[in-house]
Amino acid sequence: MRLNVGVDRDNLGYLLAKASQRWNELLHEGFRHHGYADVRPAYGSVLLPLFEEDGLRMGALAVRARLSKQTMTTLVRLMEAAGLVRRVRDPDDGRAYRVWLTERSRAFRPVAAEVLDGLDRHVRSQLSPADLEATRTVLKGVMDLWSPEQSPPSSAPPPIASSRTSPTSRTSRAGRPSSPAS
């Protein structure tokens, strides 16, 4: 018996998640084929901004990648272990780190470009130019839903509560309330 709970395989979130999952499987297969089996598709969130501007601070890298600082730190540590990036203390601010590409990640760049180009060619062979452009436009719009610069429409549900503490209710390590900037 099928329960009708309003969630099914035509749900937009499900379709986006499964399309992304399949895309990442194909990316990983392409990377593996070229000798980079340890490079995860998720690393693209770090590599792309660094390919655009090497030596970014961790915070700036997180913003450009649209990831939390905690997630960025985890990814960068994994990528350091894989020899793809290196963290160096920022000489202008000893508390901050800058992230730099390694020779290995520079050698990977043309491989990533080739694999991505092959996937793009395949998609272009399956979609009309108008459908391809519409898909790009729609996906960019979805990526920008309720970005920090926008407020959600009044009919939108409230954002899902995070398990993390809100910036206004943080406490310091000593147990005292702290400012959001600390």
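The values are calculated or read from the model by the stated rules, or taken from the named source; none is laboratory data. Everything numeric in this text was worked out from a predicted model, so none of it was measured. Backbone-built Cβ (ideal geometry, glycine too); neighbour counts: all protein chains shown.
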Selected residue (only one of L119, L101, L127 is hydrophobic (A, V, I, L, M, F, W, C), out of contact with any Lys or Arg (no Cβ under 9 Å at 6 or more places or on another chain), surrounded by 11 or more Cβ atoms within 10 Å (Cβ to Cβ) and touching a residue at least 24 places away in the same chain (Cβ under 8 Å)): L119
Filter region 91-117 down to the residues that are modelled with pLDDT of 95 or more and charged (D, E, K, R) and list them by number. R98, E103, R104, R106, R109, E114, D117
So L139 passes all but one of these: (1) loosely packed, with under 11 Cβ neighbours inside 10 Å; (2) hydrophobic (A, V, I, L, M, F, W, C); (3) at pLDDT below 95. Which condition number does it fail? (1)
When region 83-98 is checked residue by residue, the ones that are surrounded by 14 or more Cβ atoms within 10 Å (Cβ to Cβ) and out of contact with any Lys or Arg (no Cβ under 8 Å at 6 or more places or on another chain) are V85, R86
Could you please find all residues in region 43-58 being crowded, with 16+ Cβ neighbours inside 10 Å and either of a type in the set (A, V, I, L, M, F, W, C) or over 14 Å from R104 (Cβ atoms) (or both)? G44, S45, V46, L47, P49, L50, F51, L56, M58
Any idea how many residues of region 131-146 are assigned to a helix (DSSP H, G or I) and within 15 Å of the chain's Cα centre (by Cα)? 4
With the structure loaded, tell me whether L16 is assigned to a helix (DSSP H, G or I) and either among the acidic types (D, E) or modelled with pLDDT under 95 (or both) or whether it fails that test. yes
Within region 50-75, can you find the residues that are touching a residue at least 40 places away in the same chain (Cβ under 8 Å), closer than 21 Å to A112 by Cα, part of a helix (DSSP H, G or I) and in contact with a Phe, Trp or Tyr (Cβ under 9 Å, 6 or more places away or on another chain)? L50
Hits in region 59-82 (condition: surrounded by 14 or more Cβ atoms within 10 Å (Cβ to Cβ) and hydrophobic (A, V, I, L, M, F, W, C)): A60, L61, A62, V63, A65, L67, M72, L75, V76, L78, M79, A82
Filtered residues of region 36-49 (kept if assigned to a loop (DSSP other than H, G, I, E, B) and touching a residue at least 24 places away in the same chain (Cβ under 8 Å)): Y36, D38, V39, R40
